Amino acid sequence: MKKKKMNSVMCCFCSESLNFENAVQLSIIVDNESNEVQGLFCHKECIDKVLHKSVPRHPDLFDNN
């Protein structure tokens, strides 16, 4: 069975659709001893709005303008 490629995902903060290739993927690990992980997607702009300004950002979250 051929895997279907994901084209669009929903932002976990604003619930709007965005292109998978432009999305930031967040991983939630509830317990370090478990292998269970939940993946979420969001816009770069949305994660910047919700994270406290003192939280360091990965360089890829910034536009290269």
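For every residue, the table says whether it meets (1) within 20 Å of PHE62 (Cα to Cα); (2) not in a loop (DSSP other than H, G, I, E, B).
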| site | (1), (2) |
| --- | --- |
| SER15 | no, no |
| LEU18 | yes, yes |
| LEU26 | yes, yes |
| ASP31 | no, no |
| GLN38 | no, yes |
| ILE47 | yes, yes |
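Candidates in region 31-59 are the residues that are among the charged types (D, E, K, R) and over 12 Å from the mean Cα position of the chain (by Cα); of these, the one that is farthest from CYS11 (Cα to Cα) is GLU33.
Read-outs throughout are calculated quantities, based only on the coordinates presented, and are distinct from any laboratory measurement. Here the structure is a predicted model, which means the values were calculated and not measured.
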